[in-house]
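*Asks:* Take this structure first; my questions come after.
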Amino acid sequence: MAGRRLLVTAALPYANGHIHIGHLLEYVQTDIWVRFQKLRGHRCIYICADDTHGTPIMIRARQEGRSELELIAEMQQHHTRDFADFEIAFDHYGSTNSPENYELCQRFWRALRQAGLVVEKEIQQLFDPQAGVFLADRFVKGTCPRCGAPDQYGDNCERCGQTYRPTELRDARSTLTGATPELRTTRQLFVHLEALRPFLIQWTQEADHVPREVANYLMGHFLHEPLRDWDVSRPAPYFGFEIPDSPGNYWYVWFDAPIGYIASTAAWCKLHGESLEDWWMNPEVEIHHFIGKDITYFHTLFWPAMLKTAGFQLPRRIHIHGFLTVDGRKMSKRDGTFVLARTYLKHLQPVYFRYYLASKLGPRLDDVDLNLEEFVNKVNSDLVGKVVNLASRTARFVQGQRLSDAYPDDQGLFARGVEVGNEIAAAYEEGDYSRAMRAIMGLADAANVYVETAQPWSLQKDSDRTAELRDVCTVALSLFWQIMVYLSPVTPSLAAKTESLFGKKISRWEDAAQPLTQTAVGTFQHFLQRVDRKDVDAMIEESREPIPAPTYQDSDAPLKAEPLAPTCTIEDFAKVDLRVARVVAAEDVPQAKKLLKLTVSLGGNERRTIFAGIKAAYKPEQLVGRLVIIVANLAPRQMSFGVSEGMVTAAGTGGQDVYLLSVDEGAKPGQRVH
């Protein structure tokens, strides 16, 4: 369908940190789709911005002794530089801390007020006593109240998918300072989302606005029951926009951040003399959001509800991707796989990463794994060995010359490439880049078979076969050109070198249907070097977080409480027979406040009964099966509950301050402790 108008966004990167390769998955994915749409002749703009508000920005600025404005300005410079160096071409990159965004936030707020959707409630919120701030959901971590998964954020659980309030977390801690948050009462503003549930059910379940698996998830987890009111304000101190009709309260970052899509569009419109309404209130414009699966909830429930209430155009589709893993595991600073964009660029070319991602990305929410060995092999095999190889093996023979006037017979290879172009275009459109790359590499394989069979290097040696050599190079370079047109959304730097070689622009998808007859071939320049595994390893090593040497500051209080005993001889010590023993049974002694009755095995049939004063520190079931150290030759002691035939060794002062001594794995009951 020609003549489409598309407005495409990627999620706004947070201004509190640098761009890393996990972020880049989304921006590369979106950039490829935008470049493809432009190549197809559609009018498409790619909009993004820095997400600049919230508590972490405020805290970091305080720690660094500068203003929030200075911090976010510096981070935007870093972000835009990293994106540009990865060949990500935004049409406009703005900031949520802009006049356009503040004006639009007020516009949305008035609409919500007029619709009667804003309610005020007195609630309890978590407060970080060290930082002196109320904590947003994402700055609290703890144990999920639903499934018990540890280390989960304060809004939803990554393991079970359930949402909850941060106050429901068990063992909560602030991610800002590590402090245990306090509960404090505050009056905050909410959006009554339940009133829009019928609309949200219709919008998410119809017309393919979200992937089917997401639609099913939303219905099964949220939309099947009344929706919770959405907390959209935060109390001072907070870096953000103060709510005009609620002094001392600020719009929560998840309120003003998505409005930043529209605000950044408004800034672009001002620069180009266009109308914002013509892009965000025009049903003929397709709005496409690209996001990660971790922010699905906000973009598929809150954001459509806001757009609907304020009268803006709703997204045609929300494209949702999974996370980036490295060698099958979550990115890790300790493993060196949490790689910053700038670190990557010090060692490797961006085209490698763009192509590898494209070869792995599909239309589903599956995580994408950056397998480092496969990364090296795939780039070297596909980009260098198949694609660039076509030009490097033929262009030198005809540089400074024109290709054949008429396109020679190639056994239908070029025509087949034109036909496959429809399949490639459909795959790009669906976000199935992996399928597109496989089809393109299939064309490259066929073209390389042609070159291998024709052997232009042999023809070049025979002056009587110059015309045949030119024909062979015309076919090979036309097939290379066709492949590069199809590959140009993924590899813009290689496309630029191709344009330079042939002195013509790749400007339309249809360029792939025109062979390079009568084209002047420029001087061939090296296109791309192979990936060296040593460079990959150097990148990982530079990214690896050093393990700090442990520091010990032990208190001297225990030594003061119990000074060292008088010196004894080795002969005295040898009289004490310390042995490894296994606890085979443990039970409470009801008549005693401190004692547990232990049955321990010294191996074979050798058993002992020991009464140990550890009841306050251990439950009987914690001890069964455990290896302990006992004094095995202590004279039996008659007690009112029975005979104690030894003593279990422990440290501590008694009561709950008791710690049984144990041995490393591999020790056996009965072994002597020397």
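The values are calculated or read from the model by the stated rules, or taken from the named source; none is laboratory data. Because the structure is predicted, anything quoted here is derived from the model rather than measured. For neighbour counting, all protein chains shown are included, and Cβ atoms are generated from backbone atoms with ideal geometry for every residue, glycine included.
*Asks:* Scan the range 59-85 and report the pairs whose first residue is assigned by TED's automatic domain parsing to the domain that holds N97 and whose second residue is of a type in the set (F, W, Y), with Cβ atoms within less than 6 Å and a gap of 6+ or a chain change.
*Replies:* Hits for this filter: E68/F239; T80/Y93.
*Asks:* Going through D410, D471 one at a time, which residue ends up being assigned by TED's automatic domain parsing to the domain that holds L494, among the acidic types (D, E) and over 30 Å from F36 (Cα atoms)?
*Replies:* Testing whether each residue is assigned by TED's automatic domain parsing to the domain that holds L494, among the acidic types (D, E) and over 30 Å from F36 (Cα atoms) leaves just D471.
*Asks:* What is the one condition in (1) in contact with an Asp or Glu (Cβ under 9 Å, 6 or more places away or on another chain); (2) closer than 15 Å to Q401 by Cα; (3) in the same structural domain as L477 (by TED's automatic domain parsing) that Q518 does not satisfy?
*Replies:* It is condition (3) that Q518 fails.
*Asks:* Exactly one of (1) closer than 29 Å to V191 by Cα; (2) surrounded by fewer than 16 Cβ atoms within 10 Å (Cβ to Cβ); (3) more than 19 Å from the chain's Cα centre (by Cα) is unmet by W303. Its number?
*Replies:* Exception for W303: condition (2).
*Asks:* Additional query: Only one of these is assigned to a loop (DSSP other than H, G, I, E, B) and either on the phi < 0 side of the Ramachandran plot or touching a Lys or Arg at 6+ places or on another chain (Cβ under 7 Å) (or both): L528, L501, L494. Name it.
*Replies:* L528
*Asks:* Given the structure, is Y93 of a type in the set (F, W, Y), closer than 27 Å to K346 by Cα and out of contact with any Ser or Thr (no Cβ under 7 Å at 6 or more places or on another chain)?
*Replies:* For Y93, the condition - of a type in the set (F, W, Y), closer than 27 Å to K346 by Cα and out of contact with any Ser or Thr (no Cβ under 7 Å at 6 or more places or on another chain) - is not met.
For (1) in a loop (DSSP other than H, G, I, E, B); (2) under 25 Å from L117 (Cα atoms); (3) of a type in the set (G, A, S); (4) at pLDDT 95 or above, each residue gets a yes or a no:
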residue	(1), (2), (3), (4)
S275	yes, no, yes, yes
H288	no, no, no, yes
I291	no, no, no, yes
Y297	no, yes, no, no
T309	no, yes, no, yes
Q313	yes, yes, no, yes
T325	no, no, no, yes
D335	yes, no, no, no
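*Asks:* If I filter the range 171-211 down to residues being of a type in the set (K, R) and at pLDDT below 95, which single residue comes out as nearest to the chain's Cα centre (by Cα)?
*Replies:* R173
*Asks:* Regarding the range 116-133, can at least one residue be identified that is touching a residue at least 40 places away in the same chain (Cβ under 8 Å), more than 24 Å from P258 (Cβ to Cβ) and of a type in the set (G, A, S)?
*Replies:* There is at least one residue in the range 116-133 that is touching a residue at least 40 places away in the same chain (Cβ under 8 Å), more than 24 Å from P258 (Cβ to Cβ) and of a type in the set (G, A, S).
*Asks:* Moving on to the next point. Using beta carbons and a limit of 9 Å, which pairs, at least six apart or on different chains, have the first residue in the range 197-209 and at negative phi and exposed (fewer than 11 other Cβ atoms within 10 Å of the Cβ) and the second one hydrophobic (A, V, I, L, M, F, W, C) and in a helix (DSSP H, G or I)?
*Replies:* Partner pairs satisfying both residue conditions: E206/A215.
*Asks:* Does D369 satisfy being among the charged types (D, E, K, R), touching a helix residue (DSSP H, G or I) at 6+ places or on another chain (Cβ under 9 Å) and not in a helix (DSSP H, G or I)?
*Replies:* Working: among the charged types (D, E, K, R): yes; touching a helix residue (DSSP H, G or I) at 6+ places or on another chain (Cβ under 9 Å): yes; not in a helix (DSSP H, G or I): yes.
So D369 passes the test.
*Asks:* Which number in (1) outside the structural domain of A10 (by TED's automatic domain parsing); (2) of a type outside the set (S, T, Y); (3) touching a residue at least 60 places away in the same chain (Cβ under 8 Å) marks the one condition that G178 misses?
*Replies:* Condition (3) is where G178 drops out.
*Asks:* Same structure again: If only one of S644, S640, S662 is of a type outside the set (A, V, I, L, M, F, W, C), in contact (Cβ under 8 Å) with a residue 24 or more places away in the chain and buried (at least 18 other Cβ atoms within 10 Å of the Cβ), which one is it?
*Replies:* S644
*Asks:* Further, regarding this structure: If you take the residues in the range 212-238 that are within 21 Å of L126 (Cα to Cα) and out of contact with any Phe, Trp or Tyr (no Cβ under 8 Å at 6 or more places or on another chain), which one is modelled with the highest pLDDT?
*Replies:* It comes out as R228.
*Asks:* List pairs: first in the range 506-519 and at negative phi, second assigned to a loop (DSSP other than H, G, I, E, B) and among the hydrophobic types (A, V, I, L, M, F, W, C), Cβ under 8 Å, 6+ apart or cross-chain?
*Replies:* From the range 506-519, the pairs are L516/L403; T517/L403; T517/A406; T519/L403.
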